[in-house]
Amino acid sequence: MTRTAIRTSPVAMLAAGWSAVVLGWRASALCSAGRLGLTLVGAASAPVAAWYGKLLVDELALGRSGNVAHVVFYAVAAAVAAAVGLLGQQLTIYLVARHNSAITLRTESDLFEKVCGFVGLRYIEDPTFQDRLMVAESAASHGPNSITDFAEGSTRAVISILSFLGMVALVWPALAVVLLVAAIPGLAAEIMLANRQVVATLAISPLQRRRMFYRMLLVSEQAAKEVRLFGIGRHFRGLQLDALRRSQDVQLALASRTAIVQAGLSLLGAAISGVAVAIVALRVVRGELTPGDVLLFMSAVAAVQGSLSDLVARIGAVVEAVKTFQRYLEVMALPADSASGELVAPDLSHSVRFEDVWFRYQPDGPWVLRGVSFEIAAGSSVAIVGVNGAGKSTLIKLLCRFYEPERGRIRWDGVDLRQISPESLRLRLAATFQDFMSYDLPARDNIGLGDLSRRDDLTAIRTAAARAGIDDAISVLPRGYDTMLSRIFFADDDEDTQEPGVSFSGGQWQRLALARSLMRDRASLLILDEPSSGLDAEAEHRIHQTLTEFRTGRTSLLISHRLGTLRYADQIVVLDGGLITERGDHDELMAKAGVYARLFTLQGQGYQPATLA
């Protein structure tokens, strides 16, 4: 994925703005309608209060000749109008909070439903996508609310401006034109600042993500031992602060420009207001206007200036919101990262075939696999052997449809994997990855996640745990299978019953991950990528005995650097530089005296008694 500039054409921005409004309406039509109604009521209340205030002052200026009933009516009407406006503001604050919550829930749900819908890893392993996702996540909920807020504020401002300008025109028609012309520089300045804000947001997104990465290293249980042993905590702290300073430099540069522009606009507004009030006051002294006209005019000047300033500021904010919201729309519009396929994967009855498979992670990158062809017959075990970087893990990614071959194909019982739905294919697979996950969840969930349909079946969970050799270790925990396996979360969120979790060793976590894959005991193909790399010799022996029994009659693909564990595989495939250089069973490959024989012999030497010179 390449970086793309945000489209700033009026059409593109209007389309994005409309999408945000529709999203806000779908999140909560009731809140959207309520906010619109309160906006109209609030916009009318200020001019009405000002008008009755003028009439009240004029009536009071008449002294004894004034009408008492009129005085009471005008006073009550002005007070009621003002009260309605204030009450509307408070109700609007409540509705905005509810609407924000609804929008956040809707956008978070939609955004991560999109992420969950990615079949493979092409987007997930792309740093450009990660930066875009970070902006999209923050803009998703902010955008619709900002645009709705702008629509409400604009409506309120336009109604207020038009109402008060009509009143101002009665006093001095030219002043209405002056006030409108004075708003043009502010409008242009706010749009310019909004453009700069969007650029700044995109610039600091990678810095913020990097900062969070360094923060994670400083507090992560997984990294804690190395961080302290190697004394690199302050090094990462320095990198974290450097990323923070660099992002702050961008923000402070923008803040200084904003302060200068806003200060200039404030001085301009004050100057216009001062001149206008002085002229009206002079006309009052000459008897050309009434005291009530003075109050009305001062209210109009304050209202028009305030509404124009608010409108201009909202324009800048909404331009920024629309531009960043486009990142959300771009993520939501991303095409599928892989063909979905419509066929349902059957239980494997013949074979899985790799046919002339070529693959590389980037279009201009090096080939990781180059014309790989081999077969995994149903019911057989195939082992993949090779040095680091030979392409072993890539084969697994392709088989699991995390990526698609650039050339060639992989067939499941003769059907191209691209024609099979990923969901149905993965239901036929059980896999333990070398870079397995350690979930901060109770033990039963750590295993039960391997088959969500049986997540509550404790018997099935314990059977899988026993096969992986971890049942005994879990059974003696304080809460058994309900024990939280975490040092960063409590077993219970209730403050009165908070109980710290426990932590497993690396080998225990590996057996837990193996148990998770063994929950799928009805899978057609078992994939084991270094399933015993973190185990001691005794535990490794027991696990391989169990796995050998478990694999009997099942189709399995095995990867391990410990070649002794692979010697009984039906077929051993040797990868070297993305090519298959050897294949056969253990005895055949040893007889060839090739790469496999060399690697097997080298490992075997480590178990031979030392000889004295």
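Table for the structure above
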item: Matching residues in region 160-192 - criterion: being modelled with pLDDT of 70 or more and within 43 Å of the chain's Cα centre (by Cα); result: S160, I161, L162
item: Matching residues in region 97-110 - criterion: being among the hydrophobic types (A, V, I, L, M, F, W, C) and buried (at least 18 other Cβ atoms within 10 Å of the Cβ); result: A102, I103
item: Looking only at region 541-575, and only at residues there that are in contact with a strand residue (DSSP E or B) (Cβ under 7 Å, 6 or more places away or on another chain) and of a type in the set (S, T, N, Q), the one that is farthest from R428 (Cα to Cα); result: Q571
item: Criterion violated by A102 - all others in (1) out of contact with any Cys (no Cβ under 9 Å at 6 or more places or on another chain); (2) modelled with pLDDT of 85 or more satisfied; result: (1)
item: Among the residues listed as D435, D445, the single one being over 27 Å from T565 (Cα atoms), among the acidic types (D, E) and surrounded by fewer than 20 Cβ atoms within 10 Å (Cβ to Cβ); result: D445
item: Selection status of A157, surrounded by 20 or more Cβ atoms within 10 Å (Cβ to Cβ) and under 29 Å from the mean Cα position of the chain (by Cα); result: no
item: Wholly within region 503-613, helices (runs of 4 or more DSSP H) carrying at least 1 residues that are within 39 Å of the chain's Cα centre (by Cα) and at pLDDT below 90; result: 506-518, 537-551
item: Residue that is surrounded by the most Cβ atoms within 10 Å (Cβ to Cβ), among those in region 324-353 that are closer than 22 Å to G408 by Cβ and among the small types (G, A, S); result: A345
item: Conditions (1) in contact with a Ser or Thr (Cβ under 8 Å, 6 or more places away or on another chain); (2) small (G, A, S); (3) in the same structural domain as S505 (by TED's automatic domain parsing); number of the one not met by A473; result: (1)
item: Members of region 569-593 that are touching a residue at least 24 places away in the same chain (Cβ under 8 Å) and either under 20 Å from V357 (Cα atoms) or surrounded by fewer than 19 Cβ atoms within 10 Å (Cβ to Cβ) (or both); result: D570, Q571, I572, V573, V574, L575, D576, G577, G578, L579, I580, R583
item: Residue within region 486-499 that is assigned to a loop (DSSP other than H, G, I, E, B), within 30 Å of Q545 (Cβ to Cβ), at pLDDT 80 or above and not aromatic (F, W, Y) present; result: no
item: Lone qualifier among I488, I420 - being of a type in the set (A, V, I, L, M), over 23 Å from H350 (Cβ atoms) and in contact (Cβ under 8 Å) with a residue 60 or more places away in the chain; result: I488
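Yes/no per residue for (1) touching a helix residue (DSSP H, G or I) at 6+ places or on another chain (Cβ under 8 Å); (2) aromatic (F, W, Y); (3) in the same structural domain as S154 (by TED's automatic domain parsing); (4) buried (at least 23 other Cβ atoms within 10 Å of the Cβ):
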residue	(1), (2), (3), (4)
V322	yes, no, yes, yes
E355	no, no, no, no
G365	no, no, no, no
G371	no, no, no, no
F374	no, yes, no, no
V385	yes, no, no, yes
N388	no, no, no, no
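Each row is one residue, and each column tells you yes or no for (1) closer than 17 Å to I315 by Cα; (2) out of contact with any Asp or Glu (no Cβ under 6 Å at 6 or more places or on another chain); (3) not charged (D, E, K, R).
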{"site": "L121", "(1), (2), (3)": "no, yes, yes"}
{"site": "E125", "(1), (2), (3)": "no, yes, no"}
{"site": "F129", "(1), (2), (3)": "no, yes, yes"}
{"site": "E137", "(1), (2), (3)": "no, yes, no"}
{"site": "S141", "(1), (2), (3)": "no, yes, yes"}
{"site": "N145", "(1), (2), (3)": "yes, yes, yes"}
{"site": "F150", "(1), (2), (3)": "yes, yes, yes"}
{"site": "S154", "(1), (2), (3)": "yes, yes, yes"}
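Matching residues to (1) in contact (Cβ under 8 Å) with a residue 60 or more places away in the chain; (2) under 30 Å from T290 (Cβ atoms):
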| site | (1), (2) |
| --- | --- |
| S28 | yes, no |
| C31 | yes, no |
| R35 | yes, no |
| P47 | yes, yes |
| G53 | yes, yes |
| F73 | no, yes |
| L86 | no, yes |
| S101 | no, no |
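Residue-wise test of (1) of a type in the set (V, I, T); (2) within 18 Å of R35 (Cα to Cα); (3) in contact with a strand residue (DSSP E or B) (Cβ under 9 Å, 6 or more places away or on another chain); (4) in the same structural domain as V41 (by TED's automatic domain parsing).
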site: V72; (1), (2), (3), (4): yes, no, no, yes
site: L86; (1), (2), (3), (4): no, yes, no, yes
site: L95; (1), (2), (3), (4): no, yes, no, yes
site: R106; (1), (2), (3), (4): no, no, no, yes
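The values are calculated or read from the model by the stated rules, or taken from the named source; none is laboratory data. Being a predicted model, the structure only gives us computed values, none of them experimental. Using ideal geometry, Cβ is built from the backbone for each residue, glycine included, and neighbour counts are taken over all protein chains shown.
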